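Engineer: Below: one structure in structure tokens.
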Amino acid sequence: MMTLSLPSPAIISPPPSLKPSNPSRQKLPSSSTISPPFINLETHHSRLIHNHLHEGHLLKAVAALDFAAQQGDYPPDIETYSLLLKACIRTREFHLGKLVHSRLTQSRLDPDLVTLNSLISLYAKCGDSNRADMIFKSMGKKRNLVSWSAMISCLANCGRESDAVQMFVETLECGFRPNEYCFSAVIRACSNAENVSIGKIIFGFLIKCGYLEREVCVGCALIDMFVKGSGDLDSAYKVFDKMIERNVVAWTLMITRCTQLGYPGDAIGLFSEMIVSGFVPDRFTLSGVVSACAELESLTIGQQLHSWVIRTGLASDVCVGCSLVDMYAKCTAEGSVDDSRKVFDRMPEQNVMSWTAIITGCVQSGDSDKEAIRLFCEMIEGHVAPNHFTFASVLKACGNLLNSYVGEQVYTHAVKRGLGLDNIVGNSLISMYSRSGKMEEARKAFESLFEKNLVSYNTMVNAYAKNLNSEEAFEILNEIEDTGIAVSAYTYASLLSGTSSIGAIGKGEQIHGRILKTGFASNYCVCNALISMYSRCGNIEAAFQVFKEMGDRNLISWTSMITGFAKHGFAARALEIFHDMLRAGVRPNGITYIAVLSACSHVGLISEGWKHFRSMSEEHGIAPRMEHYACMVDLLGRSGSLVEAFEFIKSMPLVADVLVWRTFLGACRVHSDTELGKHAAKMILEQDPNDPAAYILLSNLYASAGQWKDVADIRRIMKERNLMKEAGCSWIEVENVVHKFHVGETSHPQAREIYGELDQLALKIKELGYVPDTSCVLHELDEEQKVQYLFQHSEKIAVTFGLISTSKSKPIRVFKNLRVCGDCHTAIKYISAVTGREIVLRDSNRFHHIKDGTCSCNDYW
């Protein structure tokens, strides 16, 4: 278990109180001795403004300036204007700064160099690069290095990075030697993929000038450039290690960037090193390291940090509080948001950031979408105005609930708030509609976007891919390329996800070809998506080839490969990859262990499964979640140890949810244990009375036992409650076209040819010894009708179509949305023997690699 050993935070003593002077000892002159002095109004106004600034009363200082302006002939001096501008910039009261500039213009004083540089900084901070540029150009020969540096910084901060780089070149051409602030500004302009190559050239220049090691601001800018420009954490580390002086800002930056690039463990390690080095973390440091715990799902360390936050008096800070809310939402077992809510409720001030944090936490937890919507309503009633991030999270909650009606109401509220045209809100609306299955509305929302960016296109690609419409997804890809927008890794990952959902390996291979041409072959996100695509499309060796060719692998890469081998029934290879991952120093997470336990379950490795279940908490500090308990129930249930599985459920420290009981009910169905099955179904229906899966599994259990009256009763209840069974279907991709088949399919253009071939196959496999298993027919029919019904199953039809439509040298890959029936599994083994074809069948649970009459599952499924 990973823990932090942190020293107690320093206790800061209050400053000693100052004794007031004794007014009785101050002798005042009598009124008769006082003569009226001459008052210089210009000096008087300046002194008054100076006094207000010294006392920290900026508003009073600006009011005094306004009063002086009304006097007309006695404006303050230029030094006073300069001090006022600096105070406005420092306090971020930019509107007051603009007022000071207006009064300066009216005064007709000639601004000095310091004042002009302050004006450039003011408009840079306001995001008004055009106004800053006008002032800069008006300076003429007055410009010094500070002026050039301020203007470069302004352009970099206002999204005009190329102009900033060009201005840096002009600075050099004018004979100025850059200082640390000038270098920092231009490096910021290079902190993107477009300019990072230029940034590396400037990096070489500043090394020669000696600014790398001795200036903290330059080091921080370089760290950001390497991380943001090219995702190069190694180079960022090298810069950090070279820095002779490091302050809290540098440590915090490095911690934050490690987390953002997917290395939260390194971030926590850096935090520990920072504390040992004697630095006191501020609210931004603590916020960053708490976020690292959230990514690592390390509740233990997160709780230690929470304790540190309380002891340092930062528990009331909004920034830290939001990070804690997010951490507890991501780390707590069962996806509970109770601890997140406690942190939120104890925050003394709840603003839009904290409300958005708790709402987003509910959405991310996976089981609190209704609570997120309720909190949103509470937020509005409390007169806190939601921002675009709030609306995005609530729309996502509506999408998760498939509730477009509420989603439309939320969007109407966004429109009233003036956020209807915001891209983040618009993209979330597209996603909400697509998740609700309303692709026409999603397309309208996409077309109505005021300005489409890459995220908008990616959202639409992902929407079509998730809705199994790969043709439309490809059209959007072509549209992106036509606009000249550079396709991102996420675009390809979305397309690959869509093709893998329907098993369209041909389209997946086409995308892989485009990836190789566009230079994304080494991208983590794309490589991981390729591994998943090939694995889910039935070509596990191609997935493994992509995995082997990856130069660097992250946790997702390892987990994807372990999951792939597990789903294909290759448990030994899955566990071998897992041990390779541990030897490589990569720390597993909860998802990795789901893959490992699934691998053990698919081949019946009970003792191995128990070993890994215990090691996840004992060796890696990962608290088992409901999915891990379900895996163990599946492992025991598949092996026939139903009583042991039942006792395991009763001993769980968590209340078993529908997933666990449904897994157990499925095992009862396989092993025909009606009594335990009835109990499992009862437990499911207590939690969710409208769960159709529970009724269907129990009905199938009764049917296999010949209890037809009980079957009829369950079907009647389902009809009364309007509960529908998902229709079984199978599909196969042939020449980039997906062909889908249902039971007794007759609408296919080649239906006559398919059934003719199927009749011939039936005769051949019966000669080899195949006997139809009519117990798989869960309807009350006579034996002849049952046999006829078995040969109308969708997987047999799809396999037969594959035989008549594909080359004999290629495997036939068939996909089914439900669990393959026992008779079809047996029949397909015989079909592979009589035809000499390799058949790969993916059902809702796993892959079956069938060749020469045997299956990779060894009939253990």
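The values are calculated or read from the model by the stated rules, or taken from the named source; none is laboratory data. Bear in mind that the values here come from a model prediction, so they are computed numbers and not experimental data. When we count neighbours, we look across all protein chains shown, and the Cβ atoms used for this are built from the backbone with ideal geometry, even at glycine. The protein model used for the area step is the full one, side chains on, heavy atoms only, and it has no ligands, DNA or RNA in it. Shrake-Rupley method; radii C 1.70, N 1.55, O 1.52, S 1.80 Å.
Engineer: When you scan region 283-299, do you find a residue that is at pLDDT 90 or above, in contact with a Phe, Trp or Tyr (Cβ under 8 Å, 6 or more places away or on another chain) and farther than 24 Å from residue 330 by Cβ, even just one?
Structural biologist: no
Engineer: Also, quick follow-up: Report yes if residue 46 is assigned to a helix (DSSP H, G or I) and modelled with pLDDT of 85 or more, otherwise no.
Structural biologist: Spelling it out, it is not the case that residue 46 is assigned to a helix (DSSP H, G or I) and modelled with pLDDT of 85 or more.
Engineer: Can you name the residue in region 191-240 that is among the small types (Gly, Ala, Ser), under 31 Å from the mean Cα position of the chain (by Cα) and in a loop (DSSP other than H, G, I, E, B) and, of all such residues, is farthest from residue 168 (Cα to Cα)?
Structural biologist: That would be 231.
Engineer: Are any residues in region 609-631 buried (at least 18 other Cβ atoms within 10 Å of the Cβ) and farther than 26 Å from residue 367 by Cα, and if so, which ones?
Structural biologist: Hits for region 609-631 are 609, 612.
Engineer: Can you find even one residue in region 207-216 that is at pLDDT below 90 and of a type in the set (Val, Ile, Thr)?
Structural biologist: yes
Engineer: Can I ask one more? Residues that are aliphatic (A, V, I, L, M) and touching a Cys at 6+ places or on another chain (Cβ under 7 Å), at least 1 per element: which helices (runs of 4 or more DSSP H) completely within region 621-703 meet that?
Structural biologist: Helices (runs of 4 or more DSSP H) meeting the threshold: 626-638, 642-650, 674-687.
Here's the yes/no breakdown for (1) within 45 Å of the chain's Cα centre (by Cα); (2) within 29 Å of residue 639 (Cα to Cα); (3) open to solvent by less than 60 Å² (accessible area, probe 1.4 Å):
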site	(1), (2), (3)
761	no, no, yes
764	no, no, no
798	yes, no, yes
802	yes, no, yes
845	yes, yes, yes
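Engineer: When you go through 654, 659 one by one, which is the residue that is within 21 Å of residue 613 (Cβ to Cβ), within 39 Å of the chain's Cα centre (by Cα), surrounded by fewer than 19 Cβ atoms within 10 Å (Cβ to Cβ) and in contact (Cβ under 8 Å) with a residue 60 or more places away in the chain?
Structural biologist: 654
Conditions (1) among the hydrophobic types (A, V, I, L, M, F, W, C); (2) within 27 Å of residue 856 (Cα to Cα), marked per residue:
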| position | (1), (2) |
| --- | --- |
| 549 | no, yes |
| 554 | no, no |
| 561 | yes, yes |
| 566 | yes, yes |
| 572 | yes, yes |
| 579 | no, yes |
| 592 | no, yes |
| 601 | no, yes |
| 607 | no, yes |
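Engineer: Sort out which residues of region 420-451 are crowded, with 21+ Cβ neighbours inside 10 Å, under 22 Å from residue 385 (Cα atoms) and among the aliphatic types (A, V, I, L, M), and write them in order of number.
Structural biologist: Matches in region 420-451: 425, 429, 432.
Engineer: I would also like to ask the following. Taking interchain pairs and intrachain pairs at least six residues apart, which have beta carbon atoms under 9 angstrom, with the first residue in region 795-817 and assigned to a helix (DSSP H, G or I) and the second open to solvent by 30 Å² or more (accessible area, probe 1.4 Å) and among the hydroxyl-bearing types (Ser, Thr, Tyr)?
Structural biologist: 797/755; 800/755; 803/835
Engineer: So which of 471, 475, 481 ends up being over 19 Å from residue 733 (Cβ atoms), at pLDDT below 85, open to solvent by 30 Å² or more (accessible area, probe 1.4 Å) and assigned to a helix (DSSP H, G or I)?
Structural biologist: The match here is 481.
Engineer: I would also like to ask the following. So, in region 75-97, exactly how many residues are surrounded by fewer than 17 Cβ atoms within 10 Å (Cβ to Cβ) and either closer than 16 Å to residue 135 by Cα or of a type in the set (Phe, Trp, Tyr) (or both)?
Structural biologist: Selection size over region 75-97: 1.
Engineer: Does residue 282 satisfy being of a type in the set (Asp, Glu), within 23 Å of residue 314 (Cβ to Cβ) and out of contact with any strand residue (DSSP E or B) (no Cβ under 7 Å at 6 or more places or on another chain)?
Structural biologist: yes
Engineer: Among the listed residues 299, 286, 261, identify the single one that is in contact (Cβ under 8 Å) with a residue 12 or more places away in the chain and crowded, with 24+ Cβ neighbours inside 10 Å.
Structural biologist: 286
Engineer: I'd like the full set of residues that are open to solvent by less than 50 Å² (accessible area, probe 1.4 Å) and of a type outside the set (Val, Ile, Thr), limited to region 340-361.
Structural biologist: 340, 344, 347, 351, 354, 355, 357, 361
Engineer: Run down 771, 711, 738 and say which single residue is part of a helix (DSSP H, G or I), of a type in the set (Val, Ile, Thr) and either over 16 Å from residue 832 (Cβ atoms) or without any contact (Cβ under 8 Å) to a residue 60 or more places away in the chain (or both).
Structural biologist: 711
Engineer: Would you call residue 205 open to solvent by 40 Å² or more (accessible area, probe 1.4 Å), more than 29 Å from residue 523 (Cα to Cα) and aromatic (Phe, Trp, Tyr)?
Structural biologist: yes
Engineer: Let me ask something else about it. Among the listed residues 703, 680, which satisfies the condition of being surrounded by 15 or more Cβ atoms within 10 Å (Cβ to Cβ), out of contact with any Gly (no Cβ under 6 Å at 6 or more places or on another chain) and modelled with pLDDT under 80?
Structural biologist: Every option except 703 fails the conditions.
Engineer: Further question: Modelled with pLDDT of 85 or more, open to solvent by less than 50 Å² (accessible area, probe 1.4 Å) and within 27 Å of residue 659 (Cβ to Cβ): is that true of residue 327 in this structure?
Structural biologist: Considered against the rule, which asks whether it is modelled with pLDDT of 85 or more, open to solvent by less than 50 Å² (accessible area, probe 1.4 Å) and within 27 Å of residue 659 (Cβ to Cβ), residue 327 comes out as yes.
This table checks each residue for (1) within 23 Å of the chain's Cα centre (by Cα); (2) on the phi < 0 side of the Ramachandran plot.
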| site | (1), (2) |
| --- | --- |
| 541 | no, yes |
| 558 | yes, yes |
| 562 | yes, yes |
| 572 | no, yes |
| 578 | no, yes |
| 604 | no, no |
| 618 | no, yes |
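Engineer: Further, regarding this structure: Report the residue count in region 553-583 for those that are assigned to a loop (DSSP other than H, G, I, E, B) and at pLDDT below 90.
Structural biologist: Summing the residues that are assigned to a loop (DSSP other than H, G, I, E, B) and at pLDDT below 90 in region 553-583 gives 3.
Engineer: Related question: Which ones in region 719-735 are in a strand (DSSP E or B) and out of contact with any helix residue (DSSP H, G or I) (no Cβ under 6 Å at 6 or more places or on another chain)?
Structural biologist: Passing the criteria: only 731.
Engineer: Looking at region 371-379, can you tell me whether even one residue there is open to solvent by less than 20 Å² (accessible area, probe 1.4 Å), in contact with a helix residue (DSSP H, G or I) (Cβ under 8 Å, 6 or more places away or on another chain), part of a helix (DSSP H, G or I) and acidic (Asp, Glu)?
Structural biologist: Looking for residues that are open to solvent by less than 20 Å² (accessible area, probe 1.4 Å), in contact with a helix residue (DSSP H, G or I) (Cβ under 8 Å, 6 or more places away or on another chain), part of a helix (DSSP H, G or I) and acidic (Asp, Glu), one finds none in region 371-379, hence no.
Engineer: Another question, then. Go through (1) of a type in the set (D, E, K, R); (2) in contact (Cβ under 8 Å) with a residue 24 or more places away in the chain; (3) exposed (fewer than 12 other Cβ atoms within 10 Å of the Cβ) for residue 752 and report which single condition fails.
Structural biologist: Here residue 752 clears every test but (2).
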